[in-house]
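Here the structure is laid out as structure tokens; the discussion comes afterwards.
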Amino acid sequence: MTPAQLRASAVVRIAVVALVVAAETYLVTSLGDAFSPANHYSYFTVLSNLLGAVVCAWALVAPVPDVVRGAAVTFLGLTGIVYNTMLRGVDVQTEGFPNTVLHVVVPIRMVADWLLDPPRTRTTPRRVVAWMLVPLAYLAYTLVRGPIVDWYPYPFLDPRDGG
């Protein structure tokens, strides 16, 4: 990347961190006493966006290992795809600004970053499969936790509603 591209990338990474922090702050504070950390941090969207923000912040000070960056891109890409194919128009308890940031802006930005600044090492199918194990583990966690706490983060995972 040229120096100008590096500066632009840094500005965008700072913006991603700021947007995720702002969206999360809004969500946490708007819920007030109803905020449940256990439930809030059981949303894959929240977890993937926090990882994306950490990766962007990390990239400002040092190269991020491709395996970490790829995981963030995979998780956020999945977040964007699931939201835009299964949850758009469904009440996911977020609105406006945080919803757009967490489900659209950050996922698109992270995938674009991967495409515009490709990994330094070859991405193998084995690595991609390893990245996909995390969402599968999340799914298992959610399906085990859901009946215990009587709460599911997404309607398509809630068997009580045909999920």
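The values are calculated or read from the model by the stated rules, or taken from the named source; none is laboratory data. Given the structure is predicted, the values throughout are model-derived calculations rather than measurements. Reconstructed Cβ throughout: ideal geometry from the backbone, glycine too, with neighbour counts over all protein chains shown.
Screening the candidates 52, 77 for the property of being under 9 Å from the mean Cα position of the chain (by Cα), surrounded by fewer than 19 Cβ atoms within 10 Å (Cβ to Cβ) and not aliphatic (A, V, I, L, M) yields one hit, 77.
Condition check ((1) surrounded by fewer than 12 Cβ atoms within 10 Å (Cβ to Cβ); (2) over 15 Å from residue 96 (Cα atoms); (3) of a type in the set (Phe, Trp, Tyr)) across all residues:
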{"position": "6", "(1), (2), (3)": "yes, yes, no"}
{"position": "15", "(1), (2), (3)": "no, yes, no"}
{"position": "28", "(1), (2), (3)": "no, no, no"}
{"position": "34", "(1), (2), (3)": "yes, yes, no"}
{"position": "38", "(1), (2), (3)": "yes, yes, no"}
{"position": "41", "(1), (2), (3)": "yes, yes, yes"}
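Scanning region 108-123 for residues that are closer than 14 Å to residue 68 by Cα and of a type outside the set (Phe, Trp, Tyr) yields 110, 111, 113, 118, 119, 120, 121, 122, 123. Applying the set (1) part of a helix (DSSP H, G or I); (2) out of contact with any helix residue (DSSP H, G or I) (no Cβ under 7 Å at 6 or more places or on another chain) to residue 69 leaves exactly one unmet item: (2). The set of residues from region 17-26 being surrounded by 13 or more Cβ atoms within 10 Å (Cβ to Cβ) and hydroxyl-bearing (Ser, Thr, Tyr) comprises just one member, 26.
Condition check ((1) crowded, with 16+ Cβ neighbours inside 10 Å; (2) of a type in the set (A, V, I, L, M, F, W, C); (3) at pLDDT 95 or above) across all residues:
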| residue | (1), (2), (3) |
| --- | --- |
| 85 | no, no, no |
| 91 | no, no, no |
| 122 | no, no, no |
| 136 | no, yes, yes |
| 144 | no, yes, yes |
| 153 | yes, no, no |
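Residue check: residue 1 meets all listed conditions (1) of a type in the set (A, V, I, L, M); (2) at pLDDT below 95; (3) in a helix (DSSP H, G or I) but one, namely (3).
Yes or no, residue by residue, for (1) over 16 Å from residue 132 (Cα atoms); (2) assigned to a helix (DSSP H, G or I):
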{"site": "45", "(1), (2)": "no, yes"}
{"site": "63", "(1), (2)": "yes, no"}
{"site": "77", "(1), (2)": "no, yes"}
{"site": "84", "(1), (2)": "yes, yes"}
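Scanning region 2-49 for residues that are acidic (Asp, Glu) and over 12 Å from the mean Cα position of the chain (by Cα) yields one hit, 33. Inclusion of residue 102 among residues that are surrounded by 11 or more Cβ atoms within 10 Å (Cβ to Cβ), aliphatic (A, V, I, L, M) and more than 17 Å from residue 75 (Cα to Cα) is not warranted. Taking residue 23, is it modelled with pLDDT under 95 and either in a helix (DSSP H, G or I) or under 23 Å from residue 155 (Cα atoms) (or both)? No; evaluated as a whole, the condition is false for this residue. Count of region 110-133 residues, restricted to those that are under 19 Å from residue 43 (Cβ atoms) and touching a Cys at 6+ places or on another chain (Cβ under 9 Å), is 1.
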